[in-house]
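Okay, so here's the structure we're looking at.
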Amino acid sequence: MRSHRDFLTIHDFAKPELDGLFALAAAMKSGRYTKRPLAGKTLAMIFSKSSTRTRVSFEVGAWQLGAYSLFLSPRDLQLGRGEPIADTARVLSRMCDGIMIRTFAHDEVDEFARAADIPVINGLTDAHHPCQIMADLLTVNESLGSYEGKRIAWIGDGNNMANSWLDAAARLGFELRLACPEGYDPDPRMLARAREHGQVLLTRDPLEAADGAHVVNTDVWASMGHEEEQKVRELAFTGYIVDDRLMARTAKGSIFLHCLPAHRGEEVAASVIDGPRSRVWDEAENRLHIQKAIMAALMGGEPLVA
């Protein structure tokens, strides 16, 4: 029987557990939490995709909690020469205390978790980006008091971010409105599951999604791995820009979020991302704090529920 938890999707955790992570992250950010529960431990970080925020936040966070982190690309591992994922996971389990993976296929993270005897954290896959959505919701709590009773709008591609927003809406109960062009919807299974457990609307009209929203969130039109589709997507996503006209439809005091990197003039206007409603820099910083909370709970024995 497994004696540890993994953090692969938001759907794997109950609402009290997620709220516990938010509370722990807030305590860490405020300085009220000063323990180093990962002292003497090691985090293996596997990066098949390049990264700014994921690498820096996990590396700095591990160090602040007392752990040593190893940056490992496929070129650094025998994975790049065909060693099975399960064999790599078993070896790392003998030498490390946790694994963070940022890769393409979500099946790879699932396979790592099945074979590993230590916690596995999903730093990003093509299907899910749970740490980012947790950071986003921590930012919502800070800026608006709570995610509860809020309407959150997603404008753009039904990508890994949209999928993880669906998971969060189903678990936490806030209202989620997604505006996606035809042919770019989120995963239909995750959409159906979220509709069973939460208030979820999928529309083709960005203004409808933004109407009365407390939070507006977007991402680049062509995510990592889809760069060759940039020109096709520019046509498909015409009108899906978060600009001042769209933000004017939102609730008073609404905020704007973006996981970054951003393309000003494409998915978001410079006046929005650099304007007073933008919380993108708080959001980026909060990757550090929420991931520290996840590592402390999974690797350091902190209780998931306070």
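For this structure, a couple of remarks:
- Between Glu285 and Phe104, the FRET efficiency from the beta-carbon distance, with R0 = 25 Å, is close to 0.40.
- Overall, the ratio between the Cα radius of gyration of region 1-92 and 2.2 N^0.38 Å, rounded to two decimals, is 1.27.
- Computed about its Cα centre, the charge dipole of the chain is approximately 960 debye, with only Lys, Arg, Asp and Glu carrying charge at their Cβ.
- Helix-only mean residue ellipticity at 222 nm for the chain, each DSSP H run of n ≥ 4 adding -39500 (n - 2.57), per residue, nearest 500: -12500 deg cm²/dmol
- Taking the number of Cβ atoms within 10 Å of each Cβ as an exposure proxy, the fewest-first ranking of Glu182, Glu17, Glu266, Glu283 is Glu182, Glu17, Glu266, Glu283.
- C-alpha center-to-center spacing [region 99-119, region 155-182] in angstrom: 23 Å
- Rotationally averaged projected area of region 132-283 (alpha carbon convex hull; nm²): 7.8 nm²
- Dipole of region 185-272, positive direction: furthest Cα of Val220, Leu191, Thr250, with charges on the beta-carbon: Thr250
- Taking amide H as placed 1.01 Å from N in the peptide plane, the amide H of Leu202 sits under 5 Å from that of Leu178, each at least 5 places away or on another chain.
- Entry note: region 115-204 has Rg to Rh equal to 0.99, where both radii use alpha-carbon atoms and Rh is the Kirkwood radius.
- The count of lysine pairs in the chain with alpha-carbon distances below 19 Å, taking only pairs 8 or more places apart or on different chains, stands at 6.
- From the coordinates shown, Cα extents along the principal axes in Å corresponds to which of (i) 54, 44, 36; (ii) 50, 40, 36; (iii) 62, 52, 33: (i)
- A simple charge model with +1 on the Cβ of Lys and Arg, -1 on the Cβ of Asp and Glu and nothing else charged puts the dipole of region 132-283 at about 460 debye relative to its Cα centre.
- Using alpha carbons only, the radius of gyration of region 222-306 set against its Kirkwood radius gives Rg/Rh = 1.11.
- Principal-axis analysis of the Cα atoms of the chain puts helix 130-144 at an angle of about 60° to the longest axis.
Rule-based calculations on the coordinates, nothing more; no lab input. Since this is a predicted model, take the numbers as computed values, not measurements. Every residue, glycine among them, receives a Cβ derived from its backbone with ideal geometry; neighbour counts consider all protein chains shown.
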